[in-house]
Amino acid sequence: MWSQLIVYPFTNALLLLYVWLGHSFTAALIVLTVGIRALLTPLTARQQKTQIQMQELQPEIKRIQEKYKGEPEKMQKELLKIGYNPAAMLGGCLPTLIQFPILIGVYQSILNAIPSTPLQMMDLYHGVYPWLFPNFNSLLPVNRYLIWMDLTQPDRIYLPWFPILGIPILPIFVVLTTLVQQKMMTPPSTADANDASAQMQRSMMTTMPLMFGFFALQFASGLSIYFITSNLAGIGQYAFLNRAKFRWGKLSLPGGISLPWPDYTTKPPAKPRPNVVPPPTNPPGGSGNPPAKPKPRKSRGRGDGA
Amino acid sequence: MRTKYPFSAGRQPVIALLAAVLLAGCSRATATVWPAATLHDGKVLLASPQAVYAIDATSGAQVWRFPLENNNDLHAFETAPAVNADRIIVASGAKLVLALDPATGVEAWRYSDPNQLTKTAAVSMSAADGRSYSAIGTTLRALDNENGKVLWQFAGGDEFWGAPATSTATIYVPNMDHKLSALDAVTGALRWERSFPGALAATPALADAALYVGTLSRALYAVNTSNGKDIWVHETQGFVWGTPLVTADRVYFGDLDGIVYCVNRSNGTEIWRATAAGSVRGTPALDGDKLFVVTDNGFVHALNASSGTPAWQLELDPKNAERLLDSPIAANGLLYISTYNGEHLLYALLQDSGTTSWFFPPVTK
């Protein structure tokens, strides 16, 4: 059932794009990945909106947490007042959950559509729609090479003067693009450095790129192309949809290499939305400091975005 | 007291981590082909992912195995062993060719593919006249049967999934790039080459002056061995992957749409066709007047060879949903069937009824 509903449609879409794009599997994969990201834009935009909302609420949340340390019920009430609702946050995560089957289906269809082994060929034969590919035999074998790469094998380039060790070019790009996307999607935490959430963010910033890099090292390089395209599309989408929220800076790497890097340090502070943050009030009997007045937001001029 | 909010922004990466784990979990198993068997000198030689087994064809007892213990460096043996005078030649997906002693399974020599671009590659094997023809990836090599030294090599346009069909003077090499090449067996020089509408994934059948070539298109071709020209073409419903079975006057073969064909050997006209329960990948087996085919979805069919009418059929192991992708072997009143994903690697069924005589490995209590 999984194959019929998810994997086979993606496999056939990949093969159709392969035919349309001059028998380039890489081009087909890139177009399919971008197409899927585009279709998922309404979902991902909602998710990103929730993230931004969270980011904007962080100072208020922090203040309320400090103020009502020993009064969880009161804290909950105050958090609800400013518009922080864990159930709504769950709603923000649901789009991510909905994307999982699609991501896994695409991944399997990549392996399916480039049959590099007899077993995969058997599976592909059963998965291709005969009405869509009446001359399927002419497509075989699917061209799975791109420059030096065999898309069905993990990517390594061997230099003639150093043939012992292969250089994993695509996995390096997977790590870099995942790092940039991760940095972009993880706004700077206003919590203190020992806060569990901040620690987790820092830990994920390191582990996620390494983990996807590890997958890219182990699995077919077609998957690396999918990861890279998906990351770049995600970065582009986020940068476009939130062009007033951050600036691009540069991350200097050894060897004079600089990487485009989301730079939140120069970002003007976001203006809290009036319908989310209630006007500052002193709680009855409260002894805490009143919340800081929100600073006016800079105008969304062209030069303010990405 | 700190209040935890399970879906705060800082925790969303956990969901991405979960996705990554799911992706890893969905990755394919390492098997690339399927176990394959050959019958030689009263023993079934079975190449399976972990080892090559020599199994007594009558009792099902293990005679020897190679290697003695599982060795991941040798993983995985999935190409039918080739028998050549006093050597059994086996190939591993780890790009190794090994020669074993037929009586003991002791390694005589090994050849390691120098190409480092890939960790594994599709392999195919055949052997004749003191030479082993080992195709690893896109390179076919003729190896000296005595010591494993390369005698000559031939580069294909794509991978060699089917082993060459061999004769003393010429070998016929199928390639996934749709081409069939006739090479001088001693020097490797190209004699002729021709293209087909589909990829060639199986060894052609060689009989007298004709080659019978199944293609991943919808046809079986009979071609002249001297120039590669068509003698006849028989169109089919599905792809023809297996090597056809050629007798004095007939050719039997199956296709991936589950149709079994019997055609006239001299002109390719259809004598009968029968429908199997699933894709027929391997070569049919013939013993007396019974023709046996196995299917990708685990069925075994015994047909009357002269008419195609069914004698019996069974599902080998419904519990484990066996995939039967290798060619069955019919001999000694038994039908030997190697399986892809079942509880047992090899079954021996009685040809008359399909009753299981023995299976390997046996169940240990």
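The values are calculated or read from the model by the stated rules, or taken from the named source; none is laboratory data. Just so we're clear, the structure is a prediction, and the values are computed from it rather than from any experiment. Here Cβ is always computed from backbone atoms with ideal geometry, including for glycine, and neighbour counts include all displayed protein chains. Note: areas computed on protein heavy atoms with side chains; ligands, DNA, RNA excluded. Shrake-Rupley method; radii C 1.70, N 1.55, O 1.52, S 1.80 Å.
Looking only at segment A:25-49, count how many residues are open to solvent by 40 Å² or more (accessible area, probe 1.4 Å) and among the small types (Gly, Ala, Ser).
Applying the first criterion (open to solvent by 40 Å² or more (accessible area, probe 1.4 Å)) to segment A:25-49 yields A:30-31, A:34, A:37-39, A:41-43, A:46, A:49.
Filter again for among the small types (Gly, Ala, Ser), leaving A:38.
The total comes to 1.
Quick one: is A:TRP161 over 20 Å from the mean Cα position of the chain (by Cα), at the interface with chain B (Cβ under 10 Å from one of its Cβ atoms) and over 30 Å from A:THR44 (Cα atoms)? Full working, then the answer.
Details: over 20 Å from the mean Cα position of the chain (by Cα): yes; at the interface with chain B (Cβ under 10 Å from one of its Cβ atoms): no; over 30 Å from A:THR44 (Cα atoms): yes.
So A:TRP161 fails the test.
I need a count of the residues in segment A:54-68 that are under 21 Å from A:LEU241 (Cα atoms) and either among the charged types (D, E, K, R) or more than 9 Å from chain B (Cβ to nearest Cβ) (or both).
2
Looking only at segment A:128-154, filter to residues that are touching a strand residue (DSSP E or B) at 6+ places or on another chain (Cβ under 6 Å) and within 8 Å of chain B (Cβ to nearest Cβ); which one of those is least open to solvent (accessible area, probe 1.4 Å)?
Restricting to residues being touching a strand residue (DSSP E or B) at 6+ places or on another chain (Cβ under 6 Å) and within 8 Å of chain B (Cβ to nearest Cβ), the top hit is A:LEU140.
Looking only at segment B:304-322, decide whether some residue is within 15 Å of B:ILE259 (Cβ to Cβ) and buried (at least 24 other Cβ atoms within 10 Å of the Cβ).
no
Of (1) open to solvent by less than 40 Å² (accessible area, probe 1.4 Å); (2) more than 27 Å from B:ASP101 (Cβ to Cβ); (3) within 14 Å of chain A (Cβ to nearest Cβ), B:GLY157 satisfies all except one. Which?
Going through the list (1) open to solvent by less than 40 Å² (accessible area, probe 1.4 Å); (2) more than 27 Å from B:ASP101 (Cβ to Cβ); (3) within 14 Å of chain A (Cβ to nearest Cβ), B:GLY157 breaks only (1).
Starting from segment B:256-281, keep only residues that are farther than 17 Å from A:ASP123 by Cα, then list their pairs with residues that are in a strand (DSSP E or B) and acidic (Asp, Glu) whose Cβ atoms are within a distance under 6 Å, requiring at least 6 positions of separation or different chains.
B:VAL263/B:GLU270
Select from segment B:164-187 the residues that are in a loop (DSSP other than H, G, I, E, B) and open to solvent by 10 Å² or more (accessible area, probe 1.4 Å) and list them in ascending order.
Of all residues in segment B:164-187, those in a loop (DSSP other than H, G, I, E, B) come to B:164, B:167-169, B:175-178, B:185-187.
B:SER167, B:THR168, B:ALA169, B:ASP177, B:HIS178, B:VAL186, B:THR187, listed by residue number.
Say whether the condition of being touching a Leu at 6+ places or on another chain (Cβ under 8 Å) and touching a residue at least 60 places away in the same chain (Cβ under 8 Å) is met by at least one residue in segment B:295-311.
no
Given (1) of a type in the set (Lys, Arg); (2) within 22 Å of B:LEU143 (Cα to Cα); (3) in contact with a Gly (Cβ under 7 Å, 6 or more places away or on another chain), where does B:LYS179 come up short, assuming only one miss?
(2)
Has segment B:51-68 got any residue that is within 14 Å of chain A (Cβ to nearest Cβ) and either within 24 Å of B:GLY342 (Cα to Cα) or at pLDDT 75 or above (or both)? If you could, list the steps in order and put the result at the bottom.
The first filter runs over segment B:51-68 and keeps only residues within 14 Å of chain A (Cβ to nearest Cβ), leaving none.
No, every residue in segment B:51-68 fails to be within 14 Å of chain A (Cβ to nearest Cβ) and either within 24 Å of B:GLY342 (Cα to Cα) or at pLDDT 75 or above (or both).
Residues B:ALA80, B:ALA36: which one is crowded, with 16+ Cβ neighbours inside 10 Å, at pLDDT 90 or above and within 14 Å of chain A (Cβ to nearest Cβ)? So that I can check it myself, show each step before the final result.
On the way: B:ALA80 fails: at pLDDT 90 or above.
Unique residue meeting the criteria: B:ALA36.
State all residues of segment A:66-84 that are buried (at least 17 other Cβ atoms within 10 Å of the Cβ) and of a type outside the set (Asp, Glu); if no residue qualifies, say none.
To start, the set of residues in segment A:66-84 that are buried (at least 17 other Cβ atoms within 10 Å of the Cβ) comprises A:67-68, A:75, A:78-79, A:82-84.
Across segment A:66-84, the qualifying residues are A:LYS67, A:TYR68, A:MET75, A:LEU79, A:ILE82, A:GLY83, A:TYR84.
For segment B:220-300, give me every one of the strands (runs of 3 or more DSSP E) that falls completely inside it and has 1 or more residues that are of a type in the set (Ser, Thr, Tyr). Working first, answer last.
Numbers: elements: B:230-235, B:250-254, B:259-264, B:270-275, B:285-287, B:290-294.
Filter on segment B:220-300 gives B:250-254, B:259-264, B:270-275.
Which of (1) facing chain B (nearest Cβ under 9 Å); (2) at pLDDT below 75; (3) surrounded by fewer than 19 Cβ atoms within 10 Å (Cβ to Cβ) does A:GLY92 not meet, given it meets every other one?
Against the list (1) facing chain B (nearest Cβ under 9 Å); (2) at pLDDT below 75; (3) surrounded by fewer than 19 Cβ atoms within 10 Å (Cβ to Cβ), A:GLY92 comes up short only on (3).
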